[in-house]
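Encoded as structure tokens, the structure appears first; notes follow it.
The values are calculated or read from the model by the stated rules, or taken from the named source; none is laboratory data. This structure is a prediction, so every number in the text was calculated from the model and none was measured. Glycine gets a Cβ as well: all are built from the backbone with ideal geometry, and neighbour counts include every protein chain shown.
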Amino acid sequence: MKDFVYITGHKNPDSDSICSAIAYSELKNKTSNLKTIPIRLGAINRETQFILDYFKVEAPQLIETVKTQVSDLNIDNTVPISPNISVKSAWTIMKKHGVKTLPVVDENDSLLGVVSLSNLTSNYMDIWDNYILSKSGTKMENIIDTLSAKPLYMNEKDPKLKGKIIIAALAPNEVKNSVDKDDMVICGNREDSQITAIENKASILIITGNHSVKENIIELAKANSCSIITTPHDTFTASRLLIQSIPVKYVMTKNNVVGFNTEDFVEDIKEIMLETRYRSYPVTDKENKVVGSISRYHLISENRKKVILVDHNETSQSVHGLEDAELLEIIDHHRIADIQTGLPVYFRNEPVGSTATIVATMFFENGIRPSRKIAGLLSAAIISDTLLFKSPTSTEIDKFMLNRLKEIANINVEEFAKQMFKAGTSLEGKTPEEIFNQDFKCFTINDYKIGVSQVGTMYIESFLPIKESMLKLMDTICKEQKFNILMLMVTDILNGGSELLVSGNDKEIVEKAFNIKLTEPYVYLPDVVSRKKQIIPPITTAINA
């Protein structure tokens with residue numbers, strides 16, 4: 001998908017991240033020449049799945065990285081060949097297309113091997129065995145094609161070639177001593193040599209110079225199951241070309257073939273190319289079907305993936321491989337963090353409660369009325385991120401935009417919010433790992449690594465049975481991933497407060513930030529419901545103090 005622009009929210013995506021990516025993709029496709037697709041960087045949580053199901057919208061595709069892959073390059077179209085075509089045919093195809101390597105595939109286009117110009121020339125130079133046609137499994141049709149021959153009689157009983165190649169240039173008695181059963185005999189228009197070869201049970205008689213063959217000779221050939229073909233070439237040329245009728249499978253490279261997959265990363269294949277230094281390499285897709293070939297010069301003008309970020313602008317929260325991609329835009333409502341770009345980009349950052357509010361504003365700024373589905377997604381995202389305006393991040397702009405969108409989406413905001421929060425906040429059946437990771441963000445503040453997860457619930461008491469297990473999990477994550485502070489906000493949506501669980505060696509920063517004493521690794525913070533506005537700012541102030 002090298003022609004697309006990916007629009008993505010942050011890792012462990014919440015409803016705002018997913019819904020804003022989908023909506024902004026629709027807006028960009030309507031207002032620009034870009035072809036965009038929304039993607040996600042993690043699993044869909046229960047709340048977001050409820051929203052998508054309610055408005056009958058498919059979840060964005062899961063993408064793990066935007067590092068440049070072989071599929072992003074303008075690789076060469078290739079001409080896969082059958083393993084049974086002749087060496088001469090392969091050589092003709094190479095000359096026609098100006099290539100020196102061809103992939104060899106089976107009937108399903110799956111890669112079997114590669115044949116190169118060096119394979120053809122070196123093997124041709126090494127062939128001095130007059131049993132080469134039988135050893136290589138050459139088929140009669142290859143011989144006819146290579147010699148531009150015309151069949152006069154074809155023995156269908158046993159078409160398999162078994163004998164050696166003989167040129168009947170000697171006297172008939174000498175030919176008799178030279179030709180054995182199943183041999184392939186090249187001769188001119190001498191009838192006595194033709195008869196002798198047939199009577200000696202030759203399997204094929206190749207008549208050169210386009211000479212006619214008498215009917216009695218053909219009848220004798222039929223009686224002795226000897227095929228007869230005529231070629232316009234002289235004896236020297238026919239004998240030289242005959243070797244070129246062997247199938248490419250006999251000379252191709254089939255072991256330790258160096259090739260690449262469309263999913264391979266460019267940074268990985270560079271090293272392999274430097275070590276092997278072949279002219280070109282076959283490229284296959286996920287099903288091992290050949291889709292083209294690649295050479296070193298393709299790496300010079302590699303096409304980086306194009307990305308637009310929504311609902312974040314922090315490297316640790318963004319897609320893997322972002323540094324290798326071309327960042328075009330950022331649409332966000334969080335603090336300005338650490339993402340750097342090589343060129344100027346469109347960056348829209350507003351102090352509102354939801355990225356969806358900004359995206360909705362951009363629809364109306366462009367004179368575009370969002371569809372019912374998109375209006376529904378944007379409404380749900382605003383409700384989710386502002387906790388139906390209980391969050392201190394809420395603004396009058398969020399309220400105004402939700403009032404405008406709800407009419408298009410045809411929803412009762414209060415009833416929809418209750419259903420959405422009920423579907424999304426149930427902790428039943430979830431493991432501590434699932435709960436902790438469903439909305440987790442990592443922040444770097446003055447070399448301090450801070451992790452904050454948030455889970456909302458309408459029944460905070462339902463969290464009590466797994467509280468100790470969660471604290472143990474957080475201690476493990478803190479040690480393994482070297483966090484200075486790790487926090488989990490269990491937010492009471494109905495009453496507007498959060499139970500804050502804390503792990504890490506720098507808990508005094510939390511104490512300083514909220515003017516509390518952590519006698520236990522948890523504390524209830526009344527009226528604190530926003531990670532963005534009520535957790536990160538005081539933590540930042542405490543670290544910088």
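Return the residues of the range 315-324 that are surrounded by fewer than 20 Cβ atoms within 10 Å (Cβ to Cβ) and either farther than 22 Å from Ile450 by Cβ or over 19 Å from the mean Cα position of the chain (by Cα) (or both); say none if nothing qualifies.
The answer is Thr315, Ser316, Gly321, Asp324.
Scanning the range 276-314 for residues that are over 15 Å from Ile75 (Cα atoms) and modelled with pLDDT under 85, which turns out surrounded by the most Cβ atoms within 10 Å (Cβ to Cβ)?
Tyr278
Of everything in the range 171-217, what is more than 26 Å from Gly137 (Cα to Cα), of a type in the set (A, V, I, L, M, F, W, C) and either in contact with a helix residue (DSSP H, G or I) (Cβ under 7 Å, 6 or more places away or on another chain) or touching a residue at least 12 places away in the same chain (Cβ under 8 Å) (or both)? Give them in sequence order.
Residues satisfying the conditions are Ile195, Val213, Ile217.
From Leu377, Leu387, which residue is assigned by TED's automatic domain parsing to the domain that holds Leu41, crowded, with 18+ Cβ neighbours inside 10 Å and modelled with pLDDT under 95?
Just one listed residue meets the conditions, Leu387.
With Arg372, Arg348 as the choices, which residue is within 16 Å of Val57 (Cβ to Cβ) and either at pLDDT 95 or above or over 38 Å from the mean Cα position of the chain (by Cα) (or both)?
Among Arg372, Arg348, only Arg372 is within 16 Å of Val57 (Cβ to Cβ) and either at pLDDT 95 or above or over 38 Å from the mean Cα position of the chain (by Cα) (or both).
Can you pull out the helices (runs of 4 or more DSSP H) entirely within the range 458-545 that have at least 3 residues that are touching a residue at least 60 places away in the same chain (Cβ under 8 Å) and either more than 15 Å from Pro432 (Cα to Cα) or of a type outside the set (Val, Ile, Thr) (or both)?
Helices (runs of 4 or more DSSP H) meeting the threshold: 531-534, 536-544.
Can you tell me which residue is surrounded by the most Cβ atoms within 10 Å (Cβ to Cβ) among those in the range 18-43 that are farther than 29 Å from Val70 by Cβ and touching a helix residue (DSSP H, G or I) at 6+ places or on another chain (Cβ under 8 Å)?
Among those residues, the one meeting the criterion is Cys19.
How many residues, within the range 36-73, are under 30 Å from Pro282 (Cα atoms), in contact (Cβ under 8 Å) with a residue 24 or more places away in the chain and not basic (Lys, Arg)?
Going through the range 36-73 one residue at a time, the tally reaches 14.
Considering only residues that are closer than 20 Å to Leu241 by Cβ and in contact with a helix residue (DSSP H, G or I) (Cβ under 7 Å, 6 or more places away or on another chain), which ones fall in the range 91-101?
Trp91, Met94 - these are the residues of the range 91-101 that are closer than 20 Å to Leu241 by Cβ and in contact with a helix residue (DSSP H, G or I) (Cβ under 7 Å, 6 or more places away or on another chain).
So which strands (runs of 3 or more DSSP E) are wholly in the range 288-394 and hold at least 2 residues that are free of Cβ contacts under 8 Å to residues at least 24 places away in the same chain and not hydroxyl-bearing (Ser, Thr, Tyr)?
It comes to 326-332.
Of the conditions (1) more than 21 Å from Val352 (Cα to Cα); (2) in contact (Cβ under 8 Å) with a residue 12 or more places away in the chain, Asn33 satisfies every one except a single condition; which number is it?
(2)
Within the range 457-478, track down each residue that is modelled with pLDDT under 90 and crowded, with 18+ Cβ neighbours inside 10 Å.
Hits for the range 457-478 are Thr457, Ile460, Phe463.
Could you figure out which of (1) in a strand (DSSP E or B); (2) not hydroxyl-bearing (Ser, Thr, Tyr); (3) not assigned by TED's automatic domain parsing to the domain that holds Val115 isn't true of Val283?
(3)
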